[in-house]
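Visitor: One structure, pasted below without further comment.
The values are calculated or read from the model by the stated rules, or taken from the named source; none is laboratory data. Only a predicted model underlies this, so the values are computations on that prediction, with no experimental measurement involved. Note that each Cβ is placed from the backbone with ideal geometry, even for glycine, and that neighbours are counted across all protein chains shown. The protein model used for the area step is the full one, side chains on, heavy atoms only, and it has no ligands, DNA or RNA in it. Shrake-Rupley method; radii C 1.70, N 1.55, O 1.52, S 1.80 Å.
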Amino acid sequence: MSASTEGNARAAGYTPHPYVGGRTAALRALAAWRMRWPGAPRVIVLTGNPGSGRSRLLTGFLMMCDPEYRKQLPIDDLDPATVPPDLPAPAVPSAAGRTAAQVLWLLADHFELAAGRTEDVFAELAARDEPVTIVVPDVDQAGPVRAAEEATRVVREVLTPLAATETVQLLADVPRELATELVGALPASQVQVIDLDAPEWADPKGLVLHAETALDAGSGAAELPYTTDPAARRALAEALAARAAGSRLTVQLAVQSLLMQPEGFDPADASQLPTSVGEALDLHARRLGADPQTLRLMLAPLAFAEGDGLPVQLLGTLANAVAGRDMSQDLADGMLLAAPFIQPVEPSSEDDEGGTGEDGTGEDAEAGAGAGRTLLRLMHPALAEEIRSGLPDVRDTQTRIAMALLEEVPQQDWAQADPYIRDHLAAHTLEAGLLPQLLTDPGLFAHADPVTLRAAIEAVPLEQLGAPARTYLRTAPLLTRSQASATLRAAFLESAFVEDGLAPYAEALHTRGFRLPWRTLWSVPLAGVRAVTTGSVAAAGEDVTAVSRSVAALLVPEGTPGSRTLPAAADGAVAPQDGTGAADGTAAGEDAGAVNGDGAAAAGGRTALLLHDLRAPEYVDADPSQVVQPSEEDRAAAPLGFSRGADYLRVWARADRRMVAALVSDSPVTDADLSPDGVLVVATERGVTARQILVAAPPAAPSVPAQRTGTTDADASHGLEGDHS
C-alpha cells in the first residue's frame, strides 16, 4: 500500500471519506489491521508532524469502527478496502489531558477488569481468550500539565506494555520523537509505522481536496471569485497545497484567514500563501496592516494556557504581563486580527463542580465558581508551539504569567480565585521553575484540582520539595481516589499534616473558611496496633472513683516501648465497645475477641496495652487494669455513632442518622472507636490518629416561619462506602 493507491481509488469511482477527504493508503492499512488481515501488523503506530492530520485521520477511521456512526456514512460508496468490518467498537481511551494512570484505569473500567494494581491490568488482558482492540488517540496531548511531559509516561507505562501483550491489537497516535521508542520495543513483524509525512503515506491530492472543500461557498464560505467559480477554487486549492508542504494545519489557517478578511488578498500572488504555521500568522497580520509581533503577543497567553483554555477575562491581564506593556487597545482593536486562530470552548463539567461534596456538610467554598465562564484556546497545539518558540525566554514569560495570576487572587483567598488560577497556577510556576516556592499555602492544596496539582508536583525532584509539599504528595492519591470536595480535601490534609508533624499547617486549614468535620488531636506512627478503645484511667495515686483522665487504649505486640502486659483479669476490660464493621455502630464480637487473650493468640503473638492521652499528644503511664470503658448506657446516650468498612468510616448523629463526617483512609483500617464525647480514634497499618468530631449545634427554633437560605447539614452526601479501588 502506498500513496499511488489514492489515484487508483479515485479512478475506480470511489467517494472520498466525507470527513478525511483522502488518505486512502492509510485507511486501507488501518482497515486491514482492524480485520486482522493475514500479514497485517498487530500494532500500528500513527505519527507525523504537528498539523499533519493524524487526529483527523484517526477520527474518520473510528467513525467507520462505530456500529452506530457508520450508519450515517456512505459506506457503500467508499473504497471497500478502506472500510473496516462491522464489529463492536474498539476501546478508545483518549490520552488528551489524562495521566498515564488515568488512561490505564479507563481501560480497566472498559473491560471490567478486577485488577487492583497496574501490572494486573496487563496480566488480565494477556489471559483473555479473545484478542481485544484498543485505539489510543492524542498521546501528544497527554497530561493535565504540559511541562510534566506526561506523553513520555503514557508511552512507557501504558503503550509499551500493551504493545507487548499478545492478546492486544493496538493502534496509537504518537508524536514522532516517541514513536521510535515504542516501535523499538517490539519485533519488526508485529508493528507498522504510518508516518503521514513520509512519501509512501503522503496524500497531496487529498490536501488539495481538503483546501478545495474549505473554499467552497456551498460549505459556508463567503461568495468570492475563488469560492464560487470551480476552476478558480481548484486553482487556489492547488496553489495552497503546493505551498503548505503537506501540512493540513497550514492550509486550514490560510483558508480561515482569507475567508474572514478577504480584502487585500490576490490569489495569483503565491507570496501571499503560507509555507508554514508561523508564516500563516505573519502573512495574515501583514495583510491586515498589523505588526506580526503584536498578533503573536495577543495570542501568547493562549499559547501558554493549560487545561481546556484560558478564561476570557484573564486574556488582557496575561497579555499585558507577557508583553510588558498595556495591550488593552491592541486587544480591543485586534479581535478580527486574532479571530482565525482562536476558538471559544465550553468549560468542562469538572470546572463547574461545586456545592454538595462528600464532607458531611453539604457545602463547598468553591461552589459555582466556574459557572458561566467563557474559555478561549488556540485552534491547534502546533500554533502554541510556534508562538512559544518565537519568544526570547519561555521561562521568563511563564514567570510573568504566574505572577500576574497570583495577583488576581482576591486577598490571597483561594476560595474566591477563578477556577483556572486555582487549578493551573502550579503548572505555570512549574515551567517557570518556581513551583516549590508556591507549595507553602495549605489553602491552595485544598482548593486546587488534585489531579492537576499532583501532576505538577510529581514533575519536581523530591529533594527540591518542602515538607508540606511532600505531605501533599503522600496524600494526593487519597484525594483523587475519593473524588473529595474542597472541604473534605482540607480535612484529609489537616490530618496528614498532623501525622507528619506539621501542626501549624493543619491549624491554618481551620482558619481558611472551611467547615471541617474534625480537628485532628494527635497521631502516632505506631505499626501493629491490633485494636483500640477509649476509656478513662485515674491519675496516679488517686482512687478510681476520683476525677480521671480520658485515654485511648491501644492493643499492641508485646515488647512495644511504653506498653504493659495485660493482666489476665483485665483482658475483657479493654475490649472495644462501638462499631467496627457494624452498620449501626454497635459492637462487633470478633473485634472484642481480638483484644482479650484468645484474640492475642489468634493474631499470632502475645499482646500488651499502651495508653495514650485521648486529647493530648502524649502517652499515659498507668496500670492497664485501671482502665474503665464507657458503659453501654453511656454509649447509647452519646450523640454520635459510627460505622466503618475496610478503609473508610462514617460518623453520624444518632438522633436523625445524619452523617456528620466521612473519613477515607489511605491504608487499611485495623480498628476504631468513638468516645461518648466525640473523639474518633482510628488505627490503620500506618499508625493511630485521634480526631475530635466537630458538630455544629442545631439552630434555635425561629419564632416565626423563616425562608430557607443556603444549604443545611441535612442535605449532606450520605456515604463514601462505594468502591475505592
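Visitor: Provide the solvent-accessible area of ARG153, counting protein heavy atoms only and rolling a 1.4 Å probe, rounded to the nearest 10 Å².
Guide: Answer for ARG153: close to 90 Å² accessible.
Visitor: Skipping prolines and chain starts, which residues have an amide H placed within reach, meaning under 5 Å, of the one on VAL688, given they are 5 or more residues away or on another chain?
Guide: Amide H to amide H, under 5 Å and 5 or more residues apart or across chains, VAL688 pairs with VAL524, LEU526.
Visitor: Using a cut-off of under 11 Å, list every residue of region 641-675 whose amide N is near the label point 7 Å from the Cα of ALA114 along the Cα-to-beta-carbon line.
Guide: none
Visitor: Something else: For GLU149 and GLN483 in the same chain, what is the full-extension length gain: residue separation times 0.36 nm, less their Cα-Cα distance, in nm?
Guide: Here the answer is 117.8 nm.
Visitor: A further question follows. Each residue of region 405-412 in order: what ³J(HN,Hα) in whole Hz does its phi give by Karplus 6.51 cos²θ - 1.76 cosθ + 1.60, θ = phi - 60°, with x for Gly and Pro?
Guide: 3J(HN,Hα) across region 405-412, in whole Hz: 5, 4, 5, 8, 8, x, 6, 6.
Visitor: Which cross-chain or sequence-distant (5 or more) residues have an amide H under 5 Å from the amide H of THR670, H modelled 1.01 Å from N in plane?
Guide: ALA683, THR684, GLU685
Visitor: Please give the length that would be gained between HIS510 and ASP621 if that part of the chain were fully extended, namely 0.36 nm times their separation in residues minus their C-alpha to C-alpha distance (nm, one decimal).
Guide: Here the answer is 36.8 nm.
Visitor: Between region 61-136 and region 206-284, how far is it from one alpha carbon centroid to the other, in angstrom?
Guide: 36 Å
Visitor: When the solvent-accessible surface of protein heavy atoms is calculated with a 1.4 angstrom probe, in what order do GLU346, GLU150, GLU458 fall, highest first? Let's see the in-between values first.
Guide: Details: GLU346 155, GLU150 10, GLU458 85 Å².
Reading off the accessible areas and sorting them downward yields GLU346, GLU458, GLU150.
Visitor: As a test question: what accessible area, to the nearest 10 Å², does TRP37 have when a 1.4 Å probe is rolled over all protein chains in place?
Guide: That residue has around 150 Å² of solvent-accessible surface.
Visitor: Rounded to the nearest 10 Å², what accessible area does MET403 have for a 1.4 Å probe in the complete protein model?
Guide: 80 Å²
Visitor: If every alpha-carbon in region 384-532 counts as one equal scatterer, what log10 I(q)/I(0) does Debye give at q = 0.12, 0.14, 0.15 1/Å?
Guide: Reported log10 I(q)/I(0), two decimals: -0.53, -0.70, -0.78.
Visitor: Over all distinct alpha-carbon pairs, what is the Kirkwood Rh of region 192-257 in angstrom?
Guide: 12.2 Å
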